[in-house]
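Worksheet: one structure, shown below.
Each value in this text was obtained by applying a stated rule to the coordinates, not by laboratory testing. Predicted, not measured: the structure shown is a model, and the values here were computed from it. So basically every Cβ, Gly included, is an ideal-geometry build from the backbone, and we count neighbours across all protein chains shown.
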């Protein structure tokens, strides 16, 4: 049996497509949850509307969990920037 590059490539692409679909679904759900929390007023994000479509309101537990993560990261970034030893930096 001869396995060509094309067969291996298409086998790889097909397996990646299934994995990519699951990853994209997880990403879309997370973005939807974040937009829901922003719409309720947990924090401000003027760009979330460009990342995901509006969806149904999520349960408060989900919004509070995202709020805790957002505030935690904001605090860590603020502390990092206030240390004073960093003269110039970019945060992405």
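A few remarks follow.
- By the count of neighbouring beta-carbon atoms within 10 Å, fewest first, 21, 61 end up ordered 61, 21.
- Between residue 51 and residue 28, the distance separating the two model label sites (each 7 Å from Cα on the Cα→Cβ line) works out to 1.7 nm.
- Among the listed values (1) 10.5; (2) 5.8; (3) 9.3, the one matching mean projected area of the Cα convex hull in nm² as calculated from this structure is (1).
- Efficiency of FRET between residue 21 and residue 85 - r from beta-carbon atoms, R0 35 angstrom, step 0.05: 0.20
- Folded to 0 to 90 degrees: helix 5-40 orientation relative to the chain principal axis, Cα: 20
- Sequence ranges 52-58, 3-9, ranked by mean other-Cβ count within 10 angstrom, highest first: 52-58, 3-9
- Computed lengthening from residue 77 to residue 44, 0.36 nm per intervening residue step minus Cα-Cα distance: 10.2 nm
- Stretched out straight at 0.36 nm per residue, the stretch from residue 69 to residue 8 would grow longer than its current Cα-Cα span by 17.8 nm.
- Between helix 60-82 and the chain: long-axis angle, C-alpha atoms, 0 to 90°, nearest 10: 70
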